[in-house]
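Below is one structure, written out as structure tokens; the observations come after it.
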Amino acid sequence: MILFLAMLLDAAFGEPRAIWDRVPHPAVLMGRVVSVLDQRLNAGRQRRAKGIAALGLMVLGAYGLGQLIAWVPDFGLLEGIAAAILLAQKSLVDHVRAVADGLRQSLPGGRRAVAMIVGRDTAALDEPAVARAAIESAAENLSDGVIAPAFWFLVGGLPLMLIYKMTNTADSMIGHRTERHEEFGWAAARFDDLLNLIPARLTALLIAVSHGWWQARPILRDAPLHRSPNAGWPEAAMAVVLDVALSGPRAYHGVMSEFPWVWPEGRRDAGPEDVDAACRALWRAWGLMLVLVGCVALI
């Protein structure tokens with residue numbers, strides 16, 4: 001029931017700038033923890049072992065903080081507020097919708113908006129590529145920012161939700177195959193993959209079922225094509241329900257990568273209307289998750 005109310009609270013208020021312009025958001029604080037550990041430990045020999053130790057410290061800290069908040073005898077008030085802050089449904093929809101609004105004004109406006117939510121090069125994207133990037137980000141972040149943290153709250157309350165968010169933050173910062181982080185970020189990347197294993201597939205199921213899509217074969221076929229073991233699942237589901245081909249070639253840091261198409265049968269002329277449809281899909285999947293959480297609460 002705490003999670004049910006937290007989901008409603010996040011959907012209603014999102015991330016009020018009046019608050020987060022004055023105090024650091026928990027995600028920012030988590031990022032600072034990762035940065036400090038990266039600076040202090042990521043040097044010299046045995047970097048993989050040091051990365052495992054750093055992840056252990058982050059997990060223990062997140063678990064302890066979650067237990068402390070949950071222990072406060074306030075009928076779950078602080079726990080619910082913390083859970084709502086760690087969810088990102090409304091802010092995700094707002095960021096994705098901004099891409100559609102930007103595209104309607106001008107192509108450069110769409111590029112600027114999508115650059116806020118994707119890591120690929122955006123300066124040379126045409127309108128369909130901008131729309132696809134926004135839709136892909138919507139699908140992946142629905143899993144990472146909403147369904148996965150909610151799932152882990154259901155499994156183990158705020159402590160496991162905080163562990164997930166801490167790990168996901170660490171993966172986004174140090175879980176890269178670069179010279180600096182190949183070894184040190186290995187543990188964070190692998191643990192994040194493990195924690196997302198079930199939620200990513202649950203997200204795909206929620207997207208498909210909320211749109212009346214019952215054919216599993218296209219999703220099972222295309223999801224493994226993604227370079228991530230988990231991100232391909234919500235992306236493949238979003239592609240089939242919108243009938244838009246996703247993924248495909250894109251550039252990172254000036255280097256073009258020829259990624260395979262997800263749902264290649266779909267349209268390749270995506271526009272702002274498809275981004276709007278993705279926003280509606282986010283709410284439909286969220287609504288189905290809310291129903292599931294409510295059913296669990298009643299058991």
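Summary of computed values
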quantity	calculated
Top-ranked residue in segment 247-257 [being more than 17 Å from the chain's Cα centre (by Cα) and under 16 Å from A133 (Cβ atoms); ranked as surrounded by the most Cβ atoms within 10 Å (Cβ to Cβ)]	R250
Hits in segment 163-177 - residues which are over 16 Å from Q39 (Cβ atoms) and either touching a residue at least 24 places away in the same chain (Cβ under 8 Å) or in a helix (DSSP H, G or I) (or both)	I163, Y164, K165, M166, T167, N168, D171, S172
Single residue of segment 78-127 satisfying the filter (more than 16 Å from the chain's Cα centre (by Cα) and of a type in the set (S, T, Y)) that is modelled with the highest pLDDT	S106
Matching residues, segment 1-53, being more than 23 Å from F75 (Cα to Cα), in contact (Cβ under 8 Å) with a residue 40 or more places away in the chain and not in a helix (DSSP H, G or I)	E15, H25, N42
Only one of V118, V99, V93 that is of a type in the set (A, V, I, L, M, F, W, C), closer than 23 Å to S257 by Cβ and in contact with a Gly (Cβ under 9 Å, 6 or more places away or on another chain)	V99
Any hit, segment 133-149, residues being under 30 Å from M1 (Cβ atoms), surrounded by 21 or more Cβ atoms within 10 Å (Cβ to Cβ) and either aromatic (F, W, Y) or free of Cβ contacts under 8 Å to residues at least 12 places away in the same chain (or both)	no
Filtered residues of segment 258-292 (kept if aliphatic (A, V, I, L, M) and either closer than 30 Å to A123 by Cα or buried (at least 20 other Cβ atoms within 10 Å of the Cβ) (or both))	V262, A270, V275, A277, A278, A281, L282, A285, M289
Flag if V130 is at pLDDT 95 or above, within 20 Å of the chain's Cα centre (by Cα) and surrounded by 14 or more Cβ atoms within 10 Å (Cβ to Cβ)	yes
Matching residues, segment 86-118, being of a type in the set (S, T, Y) and free of Cβ contacts under 8 Å to residues at least 24 places away in the same chain	S106
Selection within segment 220-239 - touching a Gly at 6+ places or on another chain (Cβ under 9 Å) and of a type outside the set (D, E, K, R)	A223, P224, L225, H226, A239
Residues of segment 181-194 that turn out to be assigned to a loop (DSSP other than H, G, I, E, B) and crowded, with 23+ Cβ neighbours inside 10 Å, as a count	2
Search result, residues across segment 201-220 that are over 10 Å from A139 (Cβ atoms) and touching a residue at least 12 places away in the same chain (Cβ under 8 Å)	R201, L202, L205, L206, A208, V209, S210, H211, W213, Q215, P218, I219
Filter result (among the polar types (S, T, N, Q) and in contact with a helix residue (DSSP H, G or I) (Cβ under 9 Å, 6 or more places away or on another chain)) within segment 80-112	Q89, S91
Counted residues, segment 221-266 - those being in contact with a His (Cβ under 6 Å, 6 or more places away or on another chain) and either at positive phi or in a strand (DSSP E or B) (or both)	0
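Listed here are the residues, each with its yes/no results for (1) hydroxyl-bearing (S, T, Y); (2) closer than 14 Å to E235 by Cβ; (3) part of a helix (DSSP H, G or I); (4) within 13 Å of the chain's Cα centre (by Cα).
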site: I135; (1), (2), (3), (4): no, yes, yes, yes
site: E140; (1), (2), (3), (4): no, yes, yes, yes
site: M161; (1), (2), (3), (4): no, no, yes, no
site: E179; (1), (2), (3), (4): no, no, no, no
site: A200; (1), (2), (3), (4): no, yes, yes, yes
site: I219; (1), (2), (3), (4): no, yes, yes, no
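The values are calculated or read from the model by the stated rules, or taken from the named source; none is laboratory data. Keep in mind that this is a model prediction, so the values were computed, not measured. When we count neighbours, we look across all protein chains shown, and the Cβ atoms used for this are built from the backbone with ideal geometry, even at glycine.
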